[in-house]
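The values are calculated or read from the model by the stated rules, or taken from the named source; none is laboratory data. All values derive from a computational prediction rather than experimental measurement. Here the Cβ is made from the backbone with ideal geometry for all residues, glycine too, and neighbour counts use every protein chain on show. To get the accessible areas, we keep the full protein, side chains included, count just its heavy atoms, and leave off ligands, DNA and RNA. Shrake-Rupley method; radii C 1.70, N 1.55, O 1.52, S 1.80 Å.
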Amino acid sequence: VHVSAEVSPFHKSGGLGDVLAGLPGPLARAGVDVRIVTGLMGDTTKLDSIGGRSALTPWPHPVEIGLGGQPIRVQVHEARTHGGEVITYFIEAPHLSRGGLYGHDDDVYRFAILSKAAVAVASILTRGQGLGPVVAIHAHDWHAALAVYYARAQAPALRDAKTLFTIHNLAYQGLAPASESPYLDVRWDDFHGAFEYAGALNLMKGALVIADRITTVSPTYAREIQTAEYGNGLDGLLRALSGKLRGVANGIDVRRWNPATDPAIAADYSAVDPEGKALCTADLRWELGLAAPKTPAFSPLLGAVTRLTSQKGIDWLCDAADGFIRDGGQLVVLGEGDAQLEHRLHWLAMAHPGRVAFRRAFDEGLAHRIYAGADLFAMPSRFEPCGLTQLYAMRYGALPVARATGGLVDTIAPLINQYDVGGANGFLYEGHDGAAFSGALRWATHVFRDPGALAAMRGNAMRAQHSWDDRARAYVTLYRELGIHI
Ligand code: ADP
Ligand code: GLC
């Protein structure tokens with residue numbers, strides 16, 4: 001039973017939703033009976049892909065859960081999802097389902113409800129007829145952290161179930177004042193034994209301490225989070241727990257993200273027949289009001305699709321943008337978030353009409369058209385647990401220009417020598433500022449203007465193997481290590 005706040009296409013704010021969309025199907029094909037518990041978040045949850053709300057089957061009776069001494073009545077809605085391969089239980093509950101995924105003052109309490117409900121569902125499935133016991137609770141990110149605790153400490157039916165916790169982003173740990181512990185049913189001895197961090201309640205820390213296995217979304221990030229630079233204050237703990245920590249890189253859903261069949265883009269193309277990509281680039285320029293260059297082979301179009309947070313290094317992208325534009329490039333950024341970054345991008349677009357486009361939105365269709373239309377893809381991330389956008393970019397033949405950190409190191413084969421491309425499919429650089437990113441962009445622009453090198457790298461990128469099928473096997477191995485029979 002996987003527990004997650006996000007499951008794309010139902011609700012998504014970033015890569016977490018994509019992982020819960022892509023991993024379960026291949027896991028099911030590998031012999032795992034995968035169930036998912038997630039929230040029904042008011043009108044934030046989009047159910048069109050499964051035929052709307054009528055595709056949900058409500059359980060005949062509501063489930064009563066208690067939280068902090070308060071009875072809470074939860075309605076479970078069951079549906080076949082993931083092309084019919086998986087069953088998802090959507091939890092409708094007060095507070096949790098009021099609409100909007102995140103951003104409420106009581107998010108910690110809302111996701112405690114989701115976690116409690118998930119453990120209740122798993123207990124009911126275990127006790128029910130025919131299915132057999134739930135053998136593992138697999139919780140994702142801080143929102144589901146309490147599911148690990150409730151399963152271990154408060155669910156007799158799950159006594160034999162293993163618990164796994166996956167860190168998608170250590171920067172968000174789910175913090176609350178210690179005084180909230182009783183409202184979340186965290187006992188004081190467990191607060192002190194597992195959850196306490198600098199006197200406060202830290203939900204992710206509790207899950208890390210309690211879970212049978214910790215995983216994170218790339219091998220390099222698994223190492224990095226054990227250092228002070230990337231550990232967000234938990235590096236010491238993660239070093240101590242390194243025996244149960246594993247890194248498995250994310251994959252992508254190669255059927256959904258396929259330029260040969262993608263209905264959102266202007267022309268179809270593939271590694272063997274890449275001609276349509278130029279049409280997608282022209283179409284994207286037209287859509288965004290970017291000037292058509294006299295010699296397109298001279299003018300790389302650099303794309304970014306991203307949450308606007310300091311994690312993604314978009315300030316470094318802004319620092320580097322003027323030089324890149326002067327060098328003949330064009331830039332498109334799709335993203336929303338931090339107001340200061342939005343302002344900077346807005347002014348950059350104003351200062352370079354026809355050369356820079358900024359769309360402040362969350363727009364899946366435009367995201368696809370940017371991957372398809374871009375020549376280069378910007379990822380100057382300060383840290384990147386895995387990153388999926390570089391994988392989408394590569395699949396659509398846009399070469400990532402990325403800082404050498406986290407999953408970017410594990411998923412990009414960097415160019416070393418332009419005259420001997422080999423298997424290279426992107427650019428990796430070191431450094432901590434806009435100047436370092438500028439240097440990488442200058443090199444990428446230079447290589448872009450070399451048709452032989454460009455074609456070879458583009459082919460490598462589009463053929464790179466990052467399908468979830470391979471990555472799912474690594475999770476199966478992990479489950480087996482815990483003694484689960486698959
Ligand atoms: P993170 O989870 O840190 O945001 P990832 O690279 O793992 O980073 O995943 C980001 C996902 O969110 C990708 O599917 C990307 O296409 C999508 N995304 C991010 N911002 C936007 C946006 N403004 N519009 C559409 N999709 C977006
Ligand atoms: C997080 C990370 C991102 C990762 C995603 C899915 O949001 O920032 O790097 O790809 O989770 O695991």
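Brief remarks follow.
- Restriction of the chymotrypsin sites (Phe, Trp or Tyr not before Pro) in segment 198-258 to DSSP coil positions whose beta-carbon has at most 10 other beta-carbons within 10 angstrom yields no sites.
- Label-to-label distance, nm, for residues given as Val272 and Ser310 (7 Å Cα→Cβ offset): 4.9 nm
- 3J(HN,Hα) from dihedral phi, segment 163-179, Karplus parametrisation 6.51/-1.76/1.60, rounded to Hz, x for glycine, proline: 10, 10, 10, 10, 8, 8, 7, 6, 6, 10, 10, x, 9, 8, x, 3, 5
- Its relative contact order, with pairs defined as Cα atoms under 8 Å and 6+ residues apart, puts the chain at 13 percent.
- The chain, helix-only ellipticity at 222 nm - DSSP H runs n ≥ 4, -39,500 (n - 2.57), divided by all residues, nearest 500: -10500 deg cm²/dmol
- Gyration tensor verdict on the chain (Cα atoms; rounded if a/c is under 1.5, prolate if a/b is larger than b/c, oblate otherwise): prolate
- Simple spin-label estimate for Glu64 and Asp160 gives 2.9 nm between the two label positions (7 Å along the Cα-to-Cβ direction from each Cα).
- Checking every one of the trypsin sites (Lys or Arg not before Pro) in segment 435-468 against DSSP loop status and a limit of 16 other Cβ atoms within 10 Å picks out Arg449.
- Of the chymotrypsin sites (Phe, Trp or Tyr not before Pro) found in segment 89-120, those that fall in a DSSP loop while having at most 15 other beta-carbon atoms within 10 Å are Tyr102.
- Lys, Arg +1 and Asp, Glu -1 on Cβ, resulting dipole of the chain about Cα centre, debye, nearest 20: 580 debye
- Segment 230-275, accessible surface, carbon-and-sulfur percent (1.4 angstrom probe): 51 percent
- Where segment 89-239 is the region considered: accessible area per residue in Å², 1.4 Å probe: 36 Å²
- Split the accessible area of segment 292-439 by element, probe 1.4 Å, and carbon with sulfur accounts for 54%.
- The share of accessible area on segment 94-218 that comes from carbon and sulfur is 55 percent, using a 1.4 angstrom probe.
- The Cα-based radius of gyration of segment 197-242, divided by its Kirkwood radius, gives an Rg/Rh of 0.95.
- Given 13 as the ceiling on other Cβ atoms within 10 Å, longest exposed-site-free region of the chain for GluC sites (Glu not before Pro) in DSSP loops: 1-228
- Phi-derived couplings, Karplus 6.51 cos²θ - 1.76 cosθ + 1.60 at θ = phi - 60°, listed residue by residue for segment 424-429: 4, 9, x, 10, 10, 9 Hz, with x used for Gly and Pro.
- Distance between modelled label sites at Phe362 and Arg29, nm, 7 Å Cα→Cβ extension: 2.9 nm
- Computed FRET value (nearest 0.05) for His192 with Ala264, which takes r as the C-beta separation and R₀ as 51 Å: 0.50
- Rolling a 1.4 angstrom probe over the protein heavy atoms with all chains in place gives segment 348-464 an accessible area of 34 Å² per residue.
- Contact order relative to length of segment 5-119, as percent, for alpha carbon pairs under 8 angstrom and 6 or more apart: 27 percent
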